[in-house]
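Data first, discussion second: the structure below is written as structure tokens.
Read-outs throughout are calculated quantities, based only on the coordinates presented, and are distinct from any laboratory measurement. Quick caveat: nothing in here was measured; it's all calculated off a predicted structure. With ideal geometry, Cβ positions are generated from the backbone for all residues, glycine too; neighbour counts draw on all protein chains shown.
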Amino acid sequence: MNIAFCINKLMFMGLGVTISSLLRNCSDTQRLSLWFLCSNLTSKDKNRILDLLEVENYKGIYHFEDFDSVKTFGKFAALHGDWTTYGRLLLPEIVDEDKVLYLDADLVVEVDVLELDFFNFNKLPLAAVGGGFFKYALGRTFYLEKLGIDPDLEYFNAGVVLFNLKEWRSSGLKDECLKIAALYPKELPSHDQSLLNIICMGQFAKLPAKFNCYWMANQMKPQLAKKMIMHFVGSPKPWDPFGSIIHNGHRTWKKYLHKTWTNNLNQISFLTLRRAYYLRYSYGRYLQNKIFESRYKINVSKFF
């Protein structure tokens with residue numbers, strides 16, 4: 001089974017736990033083929049990944065594929081000043097197979113991904129966990145008013161996506177995505193996630209809900225199933241500055257943090273500082289929410 005990641009240095013902190021949890025909970029890693037689409041990673045970075053695969057006793061095969069995210073996608077809307085996430089649009093060209101499971105680098109994977117090895121797409125382009133709607137999506141004004149999309153069409157988070165590569169190639173869906181992105185280069189509310197939802201228009205195969213369970217910093221652990229893929233949506237993440245204090249998922253995340261990977265935690269680099277700068281508003285919102293919760297609890301306690 002093919003598993004793909006699109007990564008750069010900025011995503012390295014979360015990647016280690018995503019890999020370790022994926023491998024530890026897979027019933028047979030020999031059946032896996034890992035694809036790392038790398039934006040501006042060095043040989044040292046790649047060797048660090050290989051070291052982790054070795055200590056986690058990985059038995060499958062792996063591939064490193066380099067791409068220039070700025071050159072290829074730099075004219076489109078950036079995510080925190082970065083374009084790496086668009087790299088998954090290249091998967092139909094890079095992975096010469098029928099399907100691939102794309103995973104974000106901010107997950108704890110406690111399901112056995114081999115459950116999806118024989119998934120039936122019913123000729124649909126991809127599979128994801130549904131449950132959302134365009135009328136509630138970030139940037140809904142763009143979708144509903146500018147594109148005229150039916151507000152009641154289903155919308156998905158693209159942190160875990162099983163791609164039907166055969167369908168993508170035969171229907172030229174990568175080119176369709178790029179055409180849409182070229183029409184609205186700075187307006188895509190959720191970047192390549194917007195593109196995937198626009199081309200699907202609510203028509204996508206459904207993964208079980210346990211394959212993408214959202215966990216925000218101030219929330220308790222999701223309880224959808226005993227074994228889940230926990231997705232640290234939003235910011236800050238458990239590994240971000242102060243994440244050990246303010247993210248309720250830090251303990252779960254750290255459980256899968258191998259000592260081979262922990263050296264990265266102590267490397268405060270320019271990229272770390274740049275990410276902290278982009279997240280300054282997220283920290284502000286978190287503090288506002290905590291202050292509101294504290295005041296609410298105080299006010300409620302007055303009545304009891």
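The table below gives the values:
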read-out	value
Only one of S39, S33, S43 that is in contact with a helix residue (DSSP H, G or I) (Cβ under 9 Å, 6 or more places away or on another chain) and of a type in the set (S, T, Y)	S39
Y86 under 20 Å from I180 (Cα atoms), touching a residue at least 12 places away in the same chain (Cβ under 8 Å) and under 15 Å from the mean Cα position of the chain (by Cα)	yes
Test: residue in the range 144-151 that is closer than 20 Å to F211 by Cα, loosely packed, with under 15 Cβ neighbours inside 10 Å and not basic (K, R)	no
Matching entry among D98, D104 (being closer than 19 Å to V160 by Cα and buried (at least 21 other Cβ atoms within 10 Å of the Cβ))	D104
Subset tally (residues that are more than 18 Å from Y86 (Cβ to Cβ) and surrounded by 18 or more Cβ atoms within 10 Å (Cβ to Cβ)) for the range 32-44	2
Residues of the range 11-27 that turn out to be of a type in the set (D, E, K, R) and either outside any helix (DSSP H, G or I) or farther than 11 Å from V108 by Cβ (or both), as a count	0
Top-ranked residue of the range 158-202 - restricted to ones that are among the polar types (S, T, N, Q) and under 21 Å from the mean Cα position of the chain (by Cα), ranked as surrounded by the fewest Cβ atoms within 10 Å (Cβ to Cβ)	S190
For T141: the one exception among (1) of a type in the set (S, T, Y); (2) touching a residue at least 24 places away in the same chain (Cβ under 8 Å); (3) farther than 12 Å from G202 by Cβ	(2)
